[in-house]
Amino acid sequence: AAEVIDLGLRTGKMDRVKCSWAILLPNIQRMKRLVLDMLDFSKDRPLEIREADFNRTISAATETLHTQVYSELRQRGIKVSFQPGRSMPPVRMDPDRVHEMALNLMLNALDALAERARGGRVKVETWLQLSRQSVGLSVQDNGPGIPPELVDGIFVPFKSGKTRFGTGLGMTIAKQIIDQHGGAIEVDTAPGKGTKFTVYLPILGPSHPAS
Ligand SMILES: Nc1ncnc2c1ncn2[C@@H]1O[C@H](COP(=O)(O)OP(=O)(O)OP(=O)(O)O)[C@@H](O)[C@H]1O
Ligand SMILES: [Mg+2]
């Protein structure tokens with residue numbers, strides 16, 4: 001595609017440039033993510049804990065999702081909804097890392113909807129889980145579900161069920177971030193029924209800062 005753009009630019013054929021750029025852009029974004037994922041995975045970066053707004057952080061992640069894959073969402077008619085919880089207290093966390101964790105879950109949900117012709121839905125919700133002194137986040141899709149033989153391996157680095165593009169680092173990194181915060185992640189999935197990931201993060205943050 002890069003060569004076609006080059007040729008298009010030299011010969012003034014803008015339709016070619018446009019067409020190829022649409023192919024090139026998502027791939028550049030994938031490469032960028034891959035590089036950032038590899039960096040994340042390779043170093044055990046300490047958290048930068050501060051009091052932050054959980055709803056705002058998750059809302060920002062859904063916006064990042066929209067800007068990154070907007071045309072894809074539109075073309076495939078996928079609806080992404082965010083239902084923010086009410087009366088949410090400030091949470092001691094690393095907002096950038098939590099943003100990244102949530103985005104990884106949402107990107108997986110989108111990938112899971114790839115085969116679906118129409119009616120794909122990603123439902124994101126947050127709430128206050130007082131019984132756990134935590135805030136909750138769920139990311140649910142109506143995709144094909146995770147095959148039983150893969151479920152136990154989803155947090156294993158470089159394990160991917162995808163035939164194309166899957167590096168197998170997204171969930172490993174998400175789990176790493178949740179663990180660092182002293183939180184928990186649960187998965188509820190069945191073939192044909194979709195997948196729901198639920199994350200809990202302690203309001204007061206990790207008990208051992210930056211562990
Ligand atoms: N919502 C989901 N629905 C179905 N399968 C899922 C879902 N989330 C994760 N998986 C499965 O778990 C595997 C591991 O996910 P992970 O995010 O770690 O890797 P990846 O998405 O393949 O690659 P990467 O995120 O590094 O680009 C996926 O390849 C996929 O098979
Ligand atoms: Mg992934």
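The values are calculated or read from the model by the stated rules, or taken from the named source; none is laboratory data. These figures come from a predicted structure and were not determined experimentally. Cβ placement follows ideal geometry from the backbone for every residue including glycine, while neighbour counts extend to all protein chains displayed.
Here are some notes:
- Scope the stretch 177-193; condition touching a residue at least 60 places away in the same chain (Cβ under 8 Å) and either within 15 Å of ligand 2 (Cβ to nearest atom) or among the small types (Gly, Ala, Ser) (or both); matching residues: Ile177, Ile178
- Scanning the stretch 161-173 for residues that are near ligand 1 (Cβ under 8 Å from one of its atoms) and surrounded by fewer than 19 Cβ atoms within 10 Å (Cβ to Cβ) turns up Gly161, Lys162, Phe165, Gly166, Thr167, Gly168.
- Counting only strands (runs of 3 or more DSSP E) that sit completely within the stretch 1-116, those holding 1 or more residues that are within 19 Å of the chain's Cα centre (by Cα) and modelled with pLDDT of 95 or more correspond to 79-83, 91-93.
- Filter result for Lys196 (farther than 24 Å from Met38 by Cα and either among the acidic types (Asp, Glu) or not in a loop (DSSP other than H, G, I, E, B) (or both)): yes
Residue-by-condition table, conditions (1) touching a helix residue (DSSP H, G or I) at 6+ places or on another chain (Cβ under 8 Å); (2) at negative phi; (3) not hydrophobic (A, V, I, L, M, F, W, C):
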residue	(1), (2), (3)
Leu24	yes, yes, no
Asp40	yes, yes, yes
Leu47	yes, yes, no
Glu51	no, yes, yes
Thr57	yes, yes, yes
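- Gly166 being under 17 Å from the mean Cα position of the chain (by Cα) and modelled with pLDDT under 85: yes
- For the stretch 108-126, the tally of residues that are surrounded by fewer than 20 Cβ atoms within 10 Å (Cβ to Cβ) and under 30 Å from Gly205 (Cα atoms) stands at 2.
- If the condition is being part of a loop (DSSP other than H, G, I, E, B) and within 13 Å of ligand 2 (Cβ to nearest atom), then the stretch 117-152 contributes Gly143, Ile146.
- Criterion (over 14 Å from the mean Cα position of the chain (by Cα), at pLDDT below 90 and of a type in the set (Gly, Ala, Ser)) met by exactly one of Ser134, Ser160: Ser160
- Yes/no for Arg97 being out of contact with any strand residue (DSSP E or B) (no Cβ under 8 Å at 6 or more places or on another chain), closer than 20 Å to Phe165 by Cα and surrounded by 13 or more Cβ atoms within 10 Å (Cβ to Cβ): no
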